[in-house]
Amino acid sequence: MPALTQAEVFSRVFQPEKPNLSAQAARSILALDFCAEDRARVNALAEKARQGKLSKREDDELETFIHVGHLVAIMQSKARLSLKNNGSGR
C-alpha cells in the first residue's frame, strides 16, 4: 500500500463528501485564494520546473504551494456541496 499524502489524510478528517458546513462558513472557504504575489511565485517556479532548473529548495517550495492548493481544493469542494445541500447557492 502506498504512503498516504497529507491531502489524503486531511480529506479523511475534513470529509469533503459530507455537506455539513453552514452557508456562512462555506462562503468564507470559497473566498480563500492565493494572493497575487504567491500566484506569481508559483508561476515562476513552475516555469523553472518545466525548464528543469529548480533547485532543491525551490522544488520544496513549489511542492508546498501544491500541497496547500490541494488542501484548499478539498475544503472548497465541501463548501460547494454544503451550499448546494442547504439551498443557499453561491
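Please treat every number below as a calculation from the coordinates, not as lab data. No experiment lies behind these values; they were computed from the predicted model shown. Every residue, glycine among them, receives a Cβ derived from its backbone with ideal geometry; neighbour counts consider all protein chains shown.
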- Residues of segment 43-74 being of a type in the set (A, V, I, L, M, F, W, C) and farther than 17 Å from L4 by Cα, which ones? A44, L45, A46, A49, L54, L62, F65, V72, A73
- Message: Filter segment 15-31 down to the residues that are outside any helix (DSSP H, G or I) and either touching a residue at least 60 places away in the same chain (Cβ under 8 Å) or surrounded by 12 or more Cβ atoms within 10 Å (Cβ to Cβ) (or both) and list them by number.
- Response: Q15, P16, E17, K18, P19, N20, L21, S22
- Query: Being in contact (Cβ under 8 Å) with a residue 40 or more places away in the chain, assigned to a helix (DSSP H, G or I) and touching a Phe, Trp or Tyr at 6+ places or on another chain (Cβ under 6 Å), is that true of even one residue in segment 64-73?
  - Reply: yes
- Message: Quick check on segment 34-50. Is at least one of its residues in contact with a Lys or Arg (Cβ under 7 Å, 6 or more places away or on another chain) and either surrounded by 11 or more Cβ atoms within 10 Å (Cβ to Cβ) or assigned to a helix (DSSP H, G or I) (or both)?
- Response: no
- Restricting attention to segment 52-76, which residues are closer than 22 Å to Q15 by Cα and either touching a helix residue (DSSP H, G or I) at 6+ places or on another chain (Cβ under 9 Å) or surrounded by 14 or more Cβ atoms within 10 Å (Cβ to Cβ) (or both)? F65, I66, H67, V68, G69, H70, L71, V72, A73, I74, M75, Q76
